[in-house]
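The values are calculated or read from the model by the stated rules, or taken from the named source; none is laboratory data. These figures come from a predicted structure and were not determined experimentally. Here the Cβ positions follow ideal geometry from the backbone for every residue, glycine too, while neighbour counts run over all protein chains shown.
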Amino acid sequence: MSNALAYLRTSSASNTDGDSPHRQNDAVMRYAIASGLTVVACYWDAAVSGTDPIETRVGFQAMLEQAKADGIHLILVEDESRFARDLMAQELGIVSLANRGIRVVTSGGSVMTDSTDPTKVMMRQIAGAFSQYEKAKLVLKLKVARDRVKAVSGKCEGRKSHAERNPDLVRQAKRLARKNPKTGTARSLRQISAELAALGYLSSTGRPYTPQSVKNMLG
């Protein structure tokens, strides 16, 4: 049986825990088994854009190092979009791999690095251009949705406020910020921070909140 390496790519941090990597792996392994290939290692670039050149992808470069060390000349991907979603990145990557003597084959059996058949090259480039177009449409669709939500609520995504992340923290901060009914004095932001720390409320770094953070809580 011939040896091969598998390559997976997920484009954003939000889908690294989803089914995308599992789906890609299953598709690649089904093709490998049906073709009598042995996948000796699988490399995954998580949260890497399909427009990024292969030279900038940590997982891809590590895979190429193993390919060189072990004399492996075949890389399997689920489909063309997992290799790249940008036509330029796709074509430059294919040329680079072809010059190394490495073939890239999809789980559907398409040899992406085959440049001997003009028709296949054209179809590969059309697939790459269509993938780029679909990605651009998705980005625009998400932007429109974000703008719509922002227009209604005045807020969309971004970093959550302290109140949204920890309402108890904000409640305690506001309680500590109240003026003493007898003296009319109020605690300083630093004093509030110190008392929050004494109650066990610390920042993500394990330190007392800064005066500015306390001010934002009281906002």
### Task
Collect the residues in region 167-204 that are outside any helix (DSSP H, G or I), of a type in the set (G, A, S) and either touching a Lys or Arg at 6+ places or on another chain (Cβ under 7 Å) or at pLDDT 90 or above (or both), keeping them in residue-number order.
A186, S188
### Query
in the same structural domain as N166 (by TED's automatic domain parsing) and assigned to a loop (DSSP other than H, G, I, E, B), is that true of R207?
yes
## Note on the structure
Scanning region 27-51 residue by residue, those buried (at least 18 other Cβ atoms within 10 Å of the Cβ) and either in contact with an Asp or Glu (Cβ under 8 Å, 6 or more places away or on another chain) or not assigned by TED's automatic domain parsing to the domain that holds L8 (or both) turn out to be A27, V28, G50
### Task
Quick one: in region 57-109, of everything that is surrounded by fewer than 16 Cβ atoms within 10 Å (Cβ to Cβ) and among the polar types (S, T, N, Q), which residue is nearest to the chain's Cα centre (by Cα)?
Q61
### Message
Looking at region 57-74, I want the residues that are basic (K, R) and have a partner that is not in a helix (DSSP H, G or I) with Cβ atoms under 6 Å, at least 6 apart or on another chain. Which pairs are those?
### Response
R57/D45; R57/V48
### Query
Can you spot a residue in region 3-24 that is among the basic types (K, R), part of a helix (DSSP H, G or I) and in contact with an Asp or Glu (Cβ under 9 Å, 6 or more places away or on another chain)?
yes
### Task
Please tell me if I54 is surrounded by 13 or more Cβ atoms within 10 Å (Cβ to Cβ) and closer than 21 Å to E91 by Cβ.
yes
### Message
Checking the condition within 13 Å of L8 (Cα to Cα) and either assigned to a loop (DSSP other than H, G, I, E, B) or not β-branched (V, I, T) (or both), which residue from L97, L92, L76 passes?
### Response
L76
### Message
For region 113-123, check the following and say yes or no: at least one residue is aliphatic (A, V, I, L, M), within 30 Å of H22 (Cβ to Cβ) and at pLDDT below 75.
### Response
yes
